[in-house]
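For reference, the structure discussed in these notes is given below.
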Amino acid sequence: MISRVSTSTDRRWRALLPVAVVLAVMAFGLTSSGYVVTVIGFAAIYGIFCTGLNFFMGYTGQASFGQNAFAALGGYGTAILCGNHYWDPLAAFLVSMVFAGLVAYLVGLPTLKLRGHYLAMATFALGLITYEISIEWNSLTQGYMGISGIPPLGVWKFELANEKQMLVALTLLMLLGVWISVRLRDSRFGRALRAIAGSEPAARALGIDVARYKLAAFVIAALYASAAGSLFAHFVGFISPEVFGAAMVIQSFTMLFLGGIGTTWGPIVGAIMVLMLPEFLRGLKELQDVVYSMALIALLIFAPKGLAGLGSLFARRPKAALPTPSGAPARAIAK
Amino acid sequence: QETYKIGAALGLTGYAAASDRAWRDGQMLAIEALNAKGGLLGKKIEYIGEDNRSEPQEAVVVYRKMMSNDKVNIFASGCVSAGNFAAAGAVIRSETPMVLCSILPPRPEEQKWAFSILPPPRFEMEARYGWLKANSQVRKIGIMHDPTPYAQLMKDVAVKTAQESGFEVVAVETYKPDDVDMSVQIGRINAAGGGAIIKMGQGGSTVTVAKNIKQLGLDQMILMASLDDGVPLKAAGEVLGERFMFVAPRVQIPSSIPDGEFRKAADTFLTAWREKYGDRDPNAGARGWDSITVIATAVELAKSYNGPAVRDALEKLPPIQGAFAKFNFTAAQHVGITENPYVVGVLRDGRFQVK
Amino acid sequence: MPDAVQFIQSLVNGVGVGLIYGLVGIGFCVIYNASGIVNFAQGVFVMLGGMACEVLLRKFHLPLPIAFLIAVPFVALVGLLMEVLVVRPMWNRGSPLFAIILATLATQIMIERITILTVDEQPHTFQEFTLGGPLKIGAIAIPYQLFWIVGCGALMVGLLWLFFTRTRAGRALRACSQNREAAALLGIPVGAMLLLSFALSAALGAVAGILVTPMQAIAFNSGTPFGVSGFIAAIIGGFGNAAGALAGGILLGVLQAVAIVLLGAGFKNVAALTALLFVLFLFPSGLFAGLKPKAH
Amino acid sequence: MALLSVNDLTMRFGGLVANDRIGFDVEEGAIFAVIGPNGAGKTTLFNAISGALTPTSGEVRFDGQIITGRPQHVVAGAGLVRTYQLVQLFADLSVRDNVAVGFHRVSRGGVFAALFRPGWARAQEAEVAEKTRDLLEFVGLSGVADLPAGKLPYGQQRLLEVARALAAEPRLLLLDEPAAGLNTQETAALADVIERINGRGVTVLLVEHDMSLVMKVARRIVVIDFGRKIAEGSPAEIKVHPDVLAAYLGGTEAVADDGAEPAHA
Amino acid sequence: MTGTPLIELVDLAAAYGQVQALKPTSLTVAEGEFVTVLGPNGAGKSTMLRAAMRLTPASGRVRFRGRDITRLSTHGRAREGIILVQEGRGLFGQMSVRENLILGAYTIAPGESVDERLEGVFRLFPRLKERFGQTASSLSGGEQQMLAIGRALMAKPKLLMLDEPSLGLAPRVAAEILDTLGTLNRDGLGILLVEQKAPQALRLAKRVYVLSLGGIVAELAASEVGSHHDLSRFYLH
Ligand SMILES: Nc1ncnc2c1ncn2[C@@H]1O[C@H](COP(=O)(O)OP(=O)(O)OP(=O)(O)O)[C@@H](O)[C@H]1O
Ligand SMILES: Nc1ncnc2c1ncn2[C@@H]1O[C@H](COP(=O)(O)OP(=O)(O)OP(=O)(O)O)[C@@H](O)[C@H]1O
Ligand SMILES: [Mg+2]
Ligand SMILES: [Mg+2]
């Protein structure tokens, strides 16, 4: 069997390639219309959300259908603190994240004892409960009316003046998010998570406290989700319950699987694809969704490991010898 | 630009599909008619309708698309309030006026650019309370509403004006538009002594409530539904007979339209509508038609396609008789309908008639 | 505090709604039992069943039994197509189950849009199977349609139970879900089994749709709420167990009804789902699986 | 004092008694084997010792501490590490990473260390990489270090599982049928590996059906049948124990057949 | 080779991605013959059996009783009477022992009695009768192996292929199972056995193939193995 070890410069170059692609997409956004800026901005926000989800689903092999709950906490946290109480955006952002993390911790304690469909169902219920509360707790959230007039992103006196500046900030934050996720993954901590995805009994037998690590991954995913929610609020200036509804779950799952779950760049690739593709089909009018669905199904059929997985087709080394756990942890989830 | 562009963010799919599709079709009819007469100030009108899937995030995307790519001159969007609210910030920054089928965005600076074709909720309540008082013995009522902003507003009005109108609200119940059963809420209203249910909210839920009333064997209970499309109203009417009533614009029951300029305006619309859509319900279509009439009048008054100029003209419009209602916009009054446009209708002999 | 009559009436209504959830939940079980796939487009079969039947009644003025006999096979055919065009290619490539689930969701969107384009975007309904009613027991009212639902639900559960445990095909179907290779190695035509399960499950969904439409109204987008509630019902029932799904549905319906009585409708889902979460925490592998002796 | 002592351990599944008041002591530094017919309760015993199952009654002491009922990861943390009868690898991780995970118990660092990578964490990572290489060398898997573990043939998967367990630097290593699926040559190599592990000071407790292996490496053997301990002693004693012959070995022939040298037809 | 061929693998080859796990390999089992395949770990033994059943995409041809079945699906081949006992057993974990066994007889002709076959299997493995209602996944390792073999026998195969059946079995049971295979073979069943524990397997086999590094390196009569001084080096690689 051949397993050629690539030189470290080769590896570094390949690691930088996706960053370059992301920056190119952003540059394209900056030179284009507000429409493109909006779509790419959403892609960056969803990219952050999915990177967190990928942490929990891709690396740790657990299913969560309820991450939208934490995005809602972030979004409403920011909207209420900044919009109604005139907090500094950064402070609101961080406080919302801490709050979301805390909630994830408390909720995760009992929930993560569940497995498989039951975990899926329980997390789904969490998302649904949060959604319903955001509709019904009128005095706080203003229900379907939503909260308008959320200020743009900024730090203290400095405020991002327009969408393009905001896009730069979002892209940088997204890259930071990916960088953090890679740091976490390639460590003792991350290895333990990936071990849990592979086999819980075996992980336990090696002294890994499975419950604790799952909880940690859940909290991390919630922090990402909360950040994405806050950023959405700043980017659009408005939030309402539907923003964080079931559509968010479906969309993020699509991104994850289309892009390639368990890979570093899959969530980002997926987010860009899922948000851009329908725009290309917009001209089809009534048939837009029909064709989009067909395209989606075709992609899922012909790129079962996701688009990021396709990248390995072009890699020089044999696929089997790739050192990263690309694509495959999805199978662990599917069990 | 060769054409005058009217953009619309529409819930063509999702919960708003039923009303926004008809709204769009009415708008397109009106534009066809205007273009046949040569367009606006010499330019043909171009209509750009985009599906926002009844979701705010999608709405932001399509608004941005219409603003930066299509460079639309004015918006005439559908009834997805949250979608219109979400985009309002960006729209006012580009100084584009919006004529909406939804309620107005909450912030004053946004309201400055937005105009609503939707009647204020108090008219629906006046129509229902008025009829009930004049025609029935029922004085204890129950309210059922969904959590949409318009229904919430109407519920507040209903509770506030009940006493002065001579009614006692014995129960206020909520439901979700996609609930499969509302018997429990109906049962509570009945148990509290309510003789009529005032329902706020559109769509299939009205049919479900009618069915549930029948299934509970409540053969005295009256159901008064909101302004809605004919399909669910008809289905509910078939279940409860004349115990089912609804608030209707006169255009929905053409026989009730008084002669005069109203008749003329309505007939122009109805002829075009019937020709194309047969006996499809004209309610939302009429509103869509009127939104274009309002815009066209404003452009002509402004003698300009320019956004701010058209906005200013909208505030100075003379009263316009539309097919749905009479519109009377002023600087202080961005909700254009100032006279109650409603009658109370029932289904009789398979047709809608004034009760 | 609600009085006893009202409370009992609410429970009856809760059972009625719950049966609807349960019927939908059963459809989930069939495909799950055969393939391990959770078919999130299950709700769309319910919608299609109701819509197809309604169109046949309204546009073609067919009598209900005939409409039923056309609508159910029609939806079963849609199920077949879905298996052949969407699920099978993924299944053969060994796609992760979640990806297949996503594809079923995409299919649901596609079917919904096609329904708008071919039928319309309006809510529809038709008459109860047996006109008149409700049956009054004291002050409690029970609609006739509920008896149809109870009867058909029980019949479906019974037949499915017999099918899955007593027949060769049923056992083979379950075997496929647990170990596809091993099933094929014993001569079980795995592909045909999957096809059968989709057709069967679509047909069950359609029956549920036709049964419930007279109780309410359905439109192109009614599939999702049905699907969600049916999924929850199936989970409570221990997934894969038809009787469990029906019972799970009833439990969910009753929980919601009680929540409406005690807290109002606004928080009914919050209350019901929270209660469910606690049930799950106590019985981490489903309520009905939790009653069996635990094995590690 | 014994490193592991099992006292009166009973494990029931409903009406079935899988372990019936089993007791034995494993001295520090020993190679100890548990044998018995299929379904005798050996794996169940391992599960009860390692914390995967909580015994119905009885007590397990490890290094003097009672560990009965403790969660498995705590037991493992104390230095009692096991392998599984059906291999439980992290199929999607590379062979190298599988072993690296094994070092979890003897390394430290969480989110903070992962994110900020202080000097000690980097040194530790380097050390883990180094030791992983050594271990793979030790079991002869260096050539496939970058393959996903799930793609290895069965025999190599077993070796990998052993290597991974060794990475945890256990004081007591529980091996459940490590030779299953290995041929005679490979079994002999495994025997060698086990003896070298033991030479490093690791106590080994072994379940195995391959008598050539058991008789070669074990210093002491416990035999269980129908959940009960029926014999305990040195290999020489067990080989001739009449109860063991009757219940398990089925006449001396089987033992001879399993001998290391390839037999004739 | 003696007698008419039962199964013929002709130039069968399979790869996983870039890994050529099985080079073009030809192998024959005659009617009523007992053939053993030996080879070290990773030699491609399992891959060959999987390819023969079309569980793994493969090139080459497969003939069964003179008929070309290359295009036949996995379940089609099983219906023809080829049954494979997989490495790792392939049980239906959540189903009972009984259901697993009954499923084994899936291809049974109408009119034949499943119960009769069940009795036959229970005579062979009385332990399975005791564990009748238990789910397969809760059986001990050895019991699971018994179930896998028992289930295969329920199909009354014409050719039985076994991938390391002695895995995890107590010596006595392993010996018993091999004896059973011998008996079945004497009654006319063709057997293709992949085994690591060479000595026992060789006692029964008529012919032996040795597989190494994805290809057959030797084919010889079982009686020759002992005297073949290179063989141990070959299959131990
Ligand atoms: N969860 C369970 N529920 C019911 N019975 C069980 C369970 N787990 C094991 N058993 C039974 O307990 C007995 C002992 O099983 P165990 O796995 O410990 O045997 P073993 O000695 O390891 O056998 P083998 O050598 O075949 O692996 C078996 O008869 C088995 O069927
Ligand atoms: N799914 C797979 N993907 C990639 N390579 C594989 C896969 N399965 C097997 N291989 C490779 O194919 C080769 C042959 O494997 P196979 O399982 O056929 O060997 P074997 O002779 O049965 O070994 P063992 O005696 O250990 O069971 C091995 O090198 C293995 O790494
Ligand atoms: Mg065992
Ligand atoms: Mg093998």
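Structure notes:
- Hits in segment C:120-139 - residues which are more than 8 Å from chain B (Cβ to nearest Cβ) and surrounded by fewer than 18 Cβ atoms within 10 Å (Cβ to Cβ): C:Q127, C:F129, C:T130, C:L131, C:G132, C:L135, C:I137, C:G138, C:A139
- Residue ranges of strands (runs of 3 or more DSSP E) in segment D:1-100 with at least 2 members within 15 Å of ligand 1 (Cβ to nearest atom): D:4-13, D:16-26, D:31-35
- Subset of segment B:131-151 that is in a helix (DSSP H, G or I) and open to solvent by less than 40 Å² (accessible area, probe 1.4 Å) - its residue that is nearest to B:K199 (Cα to Cα): B:A151
- Within segment E:142-161, being within 14 Å of chain D (Cβ to nearest Cβ) and open to solvent by 10 Å² or more (accessible area, probe 1.4 Å) holds for E:Q144, E:M146.
- Conditions (1) closer than 15 Å to E:K158 by Cβ; (2) more than 8 Å from chain C (Cβ to nearest Cβ); number of the one not met by E:P110: (1)
- Filtered residues of segment C:140-156 (kept if away from chain B (no Cβ under 12 Å) and open to solvent by less than 50 Å² (accessible area, probe 1.4 Å)): C:G151, C:C152, C:G153, C:M156
- Boolean, B:R53 is open to solvent by 20 Å² or more (accessible area, probe 1.4 Å), among the basic types (K, R) and either more than 30 Å from A:Q251 (Cβ to Cβ) or out of contact with any His (no Cβ under 9 Å at 6 or more places or on another chain) (or both): yes
- Filter result for D:A129 (within 14 Å of chain E (Cβ to nearest Cβ), over 15 Å from E:G42 (Cα atoms) and surrounded by fewer than 22 Cβ atoms within 10 Å (Cβ to Cβ)): no
- Of E:R79, E:R89, all but one fail to be away from ligand 4 (no atom under 16 Å from the Cβ), among the basic types (K, R) and not in a strand (DSSP E or B); the exception is E:R79.
- Residues satisfying the stated conditions in segment D:94-119, i.e. farther than 27 Å from D:E208 by Cβ and at pLDDT 90 or above: D:S94, D:R96, D:D97, D:A100
- Being within 8 Å of another protein chain (Cβ to nearest Cβ) and without any contact (Cβ under 8 Å) to a residue 60 or more places away in the chain is a property that does not hold for A:P278.
- Selection count, segment E:94-133, where residues are modelled with pLDDT under 90, polar (S, T, N, Q) and open to solvent by less than 60 Å² (accessible area, probe 1.4 Å): 2
- Within the set E:L103, E:L139, the sole residue that is over 24 Å from E:V35 (Cβ atoms), within 16 Å of ligand 3 (Cβ to nearest atom) and touching a Lys or Arg at 6+ places or on another chain (Cβ under 7 Å) turns out to be E:L139.
- Wholly within segment D:131-235, helices (runs of 4 or more DSSP H) carrying at least 1 residues that are touching a strand residue (DSSP E or B) at 6+ places or on another chain (Cβ under 6 Å) and within 16 Å of ligand 1 (Cβ to nearest atom): D:211-217
- Restricting attention to segment E:201-226, the residues that are within 16 Å of ligand 2 (Cβ to nearest atom) and within 15 Å of E:L162 (Cα to Cα) add up to 3.
- Among the residues of segment A:246-261, those identified as buried (at least 23 other Cβ atoms within 10 Å of the Cβ) and within 8 Å of another protein chain (Cβ to nearest Cβ) are A:F253, A:T254, A:F257, A:I261.
- Applying the criterion of being within 16 Å of ligand 4 (Cβ to nearest atom) and farther than 19 Å from E:Q196 by Cα to the residues of segment D:148-159, the residue that is nearest to the other protein chains (Cβ to nearest Cβ) is D:K151.
- Any hit, segment B:114-121, residues being modelled with pLDDT of 95 or more and touching a helix residue (DSSP H, G or I) at 6+ places or on another chain (Cβ under 8 Å): yes
- Checked across segment B:189-201, the condition of being within 9 Å of chain C (Cβ to nearest Cβ), surrounded by fewer than 24 Cβ atoms within 10 Å (Cβ to Cβ) and part of a helix (DSSP H, G or I) holds for at least one residue.
- Subset of segment A:195-207 that is open to solvent by 20 Å² or more (accessible area, probe 1.4 Å) and of a type outside the set (G, A, S) - its residue that is farthest from the other protein chains (Cβ to nearest Cβ): A:E200
- Meets criteria (touching a His at 6+ places or on another chain (Cβ under 8 Å) and within 14 Å of chain D (Cβ to nearest Cβ)) for A:R191: yes
- Hits in segment B:12-64 (condition: among the acidic types (D, E) and under 24 Å from A:L281 (Cα atoms)): B:D20, B:D25, B:E46, B:E50, B:D51, B:E55, B:E58
- Residue that is most open to solvent (accessible area, probe 1.4 Å) [pool: residues in segment C:228-242 that are in a helix (DSSP H, G or I) and more than 12 Å from C:L23 (Cβ to Cβ)]: C:V228
- Per the conditions (1) touching a Ser or Thr at 6+ places or on another chain (Cβ under 8 Å); (2) buried (at least 24 other Cβ atoms within 10 Å of the Cβ); (3) aromatic (F, W, Y), the sole criterion not satisfied by A:F232 is (1).
Condition check ((1) at pLDDT 95 or above; (2) in contact with a Phe, Trp or Tyr (Cβ under 6 Å, 6 or more places away or on another chain); (3) not in a loop (DSSP other than H, G, I, E, B)) across all residues:
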{"position": "B:G14", "(1), (2), (3)": "no, no, no"}
{"position": "B:W23", "(1), (2), (3)": "yes, no, yes"}
{"position": "B:G26", "(1), (2), (3)": "yes, yes, yes"}
{"position": "B:I31", "(1), (2), (3)": "yes, yes, yes"}
{"position": "B:Q57", "(1), (2), (3)": "no, no, yes"}
{"position": "B:I92", "(1), (2), (3)": "no, yes, yes"}
{"position": "B:P106", "(1), (2), (3)": "no, no, no"}
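- Qualifying residue in segment E:57-76 (condition: small (G, A, S), within 27 Å of E:D187 (Cα to Cα) and open to solvent by less than 40 Å² (accessible area, probe 1.4 Å)): yes
- Scanning segment D:26-44 for residues that are near ligand 3 (Cβ under 9 Å from one of its atoms) and out of contact with any Lys or Arg (no Cβ under 8 Å at 6 or more places or on another chain) turns up D:A40, D:G41, D:K42, D:T43, D:T44.
- Any pair with Cβ under 8 angstrom, 6 or more apart, that starts in segment A:33-46 at a residue that is at the interface with another protein chain (Cβ under 7 Å from one of its Cβ atoms) and ends at one that is among the hydroxyl-bearing types (S, T, Y): A:S33/B:S68; A:G34/B:S68; A:Y35/B:S68
- The residues listed here are D:T83, D:T68; of these, the one that is within 19 Å of D:L174 (Cα to Cα), more than 8 Å from every other protein chain (Cβ to nearest Cβ) and surrounded by 18 or more Cβ atoms within 10 Å (Cβ to Cβ) is D:T68.
- Candidates E:L38, E:L91: the one that is at pLDDT 90 or above and either within 15 Å of ligand 2 (Cβ to nearest atom) or not basic (K, R) (or both) is E:L91.
The values are calculated or read from the model by the stated rules, or taken from the named source; none is laboratory data. Being a predicted model, the structure only gives us computed values, none of them experimental. Note that each Cβ is placed from the backbone with ideal geometry, even for glycine, and that neighbours are counted across all protein chains shown. In case anyone asks, the SASA skips ligands and DNA or RNA and just uses the protein heavy atoms, side chains included. Shrake-Rupley method; radii C 1.70, N 1.55, O 1.52, S 1.80 Å.
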